[in-house]
1. Which residue, chosen from B:170, B:79, B:242, occupies the Cα position most advanced towards the positive end of the dipole of segment B:47-496, where the dipole is computed from +1 (Lys, Arg) and -1 (Asp, Glu) charges on Cβ about the Cα centre?
2. Cut-off is 10 Å between beta-carbons; in what order do A:91, B:9, B:349 appear when sorted fewest neighbours first?
3. Give a residue-ordered list of calculated ³J(HN,Hα) values for segment B:465-481 (Karplus: 6.51 cos²θ - 1.76 cosθ + 1.60, θ = phi - 60°; whole Hz; x for Gly, Pro).
4. Under the Kirkwood approximation for Rh and a Cα-based Rg, what ratio Rg/Rh is obtained for chain A?
5. So what's segment A:2-143 giving for Rg/Rh, alpha carbon basis, Kirkwood Rh from the mean inverse pair distance?
6. Helix hunt in chain B: which complete DSSP H runs extend at least 20 Å axially by C-alpha with mean Kyte-Doolittle at least -0.5?
7. Apply 1/(1 + (r/R0)^6) to the Cβ-Cβ distance of residue A:73 and residue B:190, taking R0 = 22 Å, and write down the FRET efficiency to the nearest 0.05.
8. Please give the contour-minus-distance gain from residue B:484 to residue B:347: 0.36 nm per residue of separation, less the Cα-Cα distance, rounded to one decimal in nm.
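Please treat every number below as a calculation from the coordinates, not as lab data. Just so it is clear, the model here is predicted, and its values are computed rather than measured. Note that we place each Cβ from the backbone using ideal geometry, even for glycine, and neighbour counts take in every protein chain shown.
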Amino acid sequence: MYWGGNPAECHPRHFTKYALMPKSKFLPNGRKDRTVVLVDIRETKSVKAADLFLQVRPGKDFELLTILRALLKGHDVGDREIAQTGLDRAVLEDLLSRMKASKFGAIFFGMGLSMTRGKHMNSAALLTLAAELNSFTKFVAMPMRGHGNVTGADVIMRWQTGYPFGISFNRGYPRYNPGEFSTVDVLVRGDTDCAFIIGADPGATMPRPAIEHLARIPTIVLDPHVTHTSRIAKVHITTAPAGIAAPGTAYRMDEIPLPLSPAIDSPYPTDEQVIKQIRAHLEQKPNWLPDSQQTLASQV
Amino acid sequence: MLRIYGGKVFDPANGINGQVKDICIQDGRIVDTTQAATEIDARGLIVFPGGVDVHTHVAGGAINFARAMTPEDHRRTQAFIRSQTRRSGLGGMAPTTFATGYLYAGMGFTTVNEAAVPVLSARHTHEELNDVPIVDKSCLVLMANNEIVMNLMEAGDYERAKHVVAWYLNAAKGYGIKAVNPGGVAAWKWGKDSKELSSPIAGFNSLTPGMIVQQLARIVDDLGLPHPLHLHCNNLGAPGNIATTLDTMKHLEGNRVHMAHSQYHAYGGDGWDTMRSEAAQFAEYFNAHPSMTTDTGAVLFGDTVTITADGPWQHLLYKLTGRKWGNLDVENETGCGIVPYTYKPSNLVNAVQWAVGLELLLLINDPWRVFLTTDHPNGACFWRYPEIIQLLMCADFRNACMAKLPAKIKSRIYLPEITREYSLYEIAIIMSAGPARALGHRQKGNLAVGKDADLVIYREDHDISRMFAQPRYVIKAGEIVIDDGDIRSTPEGREFMVQPEFDPTTEDFLRPLFEDCYTMSFENYPVELDRIENPTIQDCSRVQ
């Protein structure tokens, strides 16, 4: 089941390599042994791959998820509530009976769910639905992440700081508050006097005040390409593209790390080489950090 | 070059019980004499070999998922502020990697064994272990729910299964074999569990958990791995599970086996209302079977987060508590579940669990076979070990704690009748010499000449918990890393692994199966040795 995503265009290998086509011990006929459901606000190219398409009214994902959870628990839901989602009772009941009868269900949700009206509330409702379905059969849910090694950044920030993103080191230790310490918020408030951007193009997606602030301060971009951000940066260092001309590790959406083996050489340095050189130069400067003085207070 | 003089030394591996003795260190090893540049006056202090944790969860996909799930705990916990010698980080229920190294070393532990690693994500585990400073590390590879291995076992192809296990161990750069709820995690893919040793596993015709544990134990011995099969039994956490646990031990009679976190496997009763301790039954059987070792997985009251490859159990815990639940299925290899949990003294089930952990440590006669763990972070966080040591060493303190539990508890536990108190010598065994021996680390938990100079120096203190929580010095590989609470230096640790031999045709057998079963290509699967900082390969010698 895909919800708020268009894998046919955004994750083109997902159908063939992972979710729909593979044949296996218990699904010897591959696609024929699976039922595929798509929930989205419009007919995308992914509809062709689905057995069942539910067109939810824009902004009504949270309501639909909540109604599904209520029906699953046998609560009464009024026709009017169902109608506002753009779907009817028979469709939802059919969907739920298929879900409960499945041997193993998987829900993949995209930014059509997580970044539209309701945002993290939508994701929470979907994850709860998946958890509750486990009273009937095995069900899992996983987000379909954006491009690049965003999962890898998440994973490493978590093991080093405890948090995936939206982290401030201002007090010398990691603190987390999305909405306050997220990149976009820091830039919009003008709270930073330098920006160092690797493998991202905020100039293409962020609101105007954030971009204007990037243009005002010394912004340094490491990117293989000329991007919206590199055009407003004070410094753009061209680097070798990861996976094509630079080795490394990328984390798949399910947090499995894959080694990258470059196919070609590049005249440009890798991101890692550039950062190591910058770091080596910084280390020449007098250290402004305090000596270790804080004692290991016993934990409470 | 370092000389420690005048300390009372507790070195059970060499039978040294509190004698005053000088210890000389050169090039990271203990030596006879040295021209010491530095001297430590240890008069009036107590010298132990550095602690060894036989079973903990500090790195990899599961604990990292737990970190993501518990930001509310990070906020209230101890923060490590960056300095010239130290990276920043957070302590708490699921500490960050750098903080994990600081906290373990800060408590005098110098070797840790990460107890559950799926081969598929072993690369991730090693990357995290590289970021755990100071301590030496090793990790165990999950093998009891691997569908390729299970198919071979069902088909009766023991030889091939053995070679495949050896290949996996090489690929993961692991140190030993871990079995978690054999067959039960595979059954969880069907939403089911596997609770009886002789019933077939969901998705298989004839394979049973009993067959898996017997064959894995034999494989571990045939490969000559330094650490025995590390076993998390079926039916964890359930009332009445002592029957399953005893049945498992009977299946393994005569084999080497390490029974992990036995506290979770020694319950009687037939429901949550009637749950009681069966630590005495466990200990009686265990005492009579010297080829077995165990760690307790003791519980302390308070907040923690539970993480285990035992997926079906975690779903049950989620339903029982209504708290957050994370589930990770790892393709055809294993699974994992994460649920935050609070152990409350007022809760009768939790109170029984607290007692069982201590009872096992007190009722098992031979301290060389039972080790101090909390199955971090499941029973409690590792940095609370000093509290357990206090409970073991002071019967009065233990009784005072027991008095705060509900009165109904008395008829369900053995603890009130136990008067035993651990000596410092015995503590040195269960926190260092014993687990080092069980792990097959000949260089660890031992202060003889030629051994690794990992040791910890305590101040004698009537407050046992404070004494063990705040050592005076911690020395790792001959270097003073902790000096009275200060982190002096943060050297990289080593990582131990084994490379058992396997039949060269094993890869030809596995390659086509990879096309069928895995989403990763065969060539990308094994972890490259050069990704690991300071790899140290241990011998595999045939076990007598």
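1. Looking along the dipole axis, the top candidate is B:79.
2. A:91, B:349, B:9
3. Each residue's phi maps through the Karplus curve to give 4, 5, 4, 7, 7, 10, x, 6, 9, 10, 10, 10, 6, x, 10, 6, 9 Hz.
4. 1.03
5. Numbers: Rg = 14.6 Å, Rh = 15.5 Å.
Ratio of gyration radius to Kirkwood radius: 0.94.
6. Span-like helices in chain B: B:158-172, B:209-223, B:348-363.
7. Efficiency, from the Cβ-Cβ distance: 0.45.
8. In short, 45.5 nm is gained.
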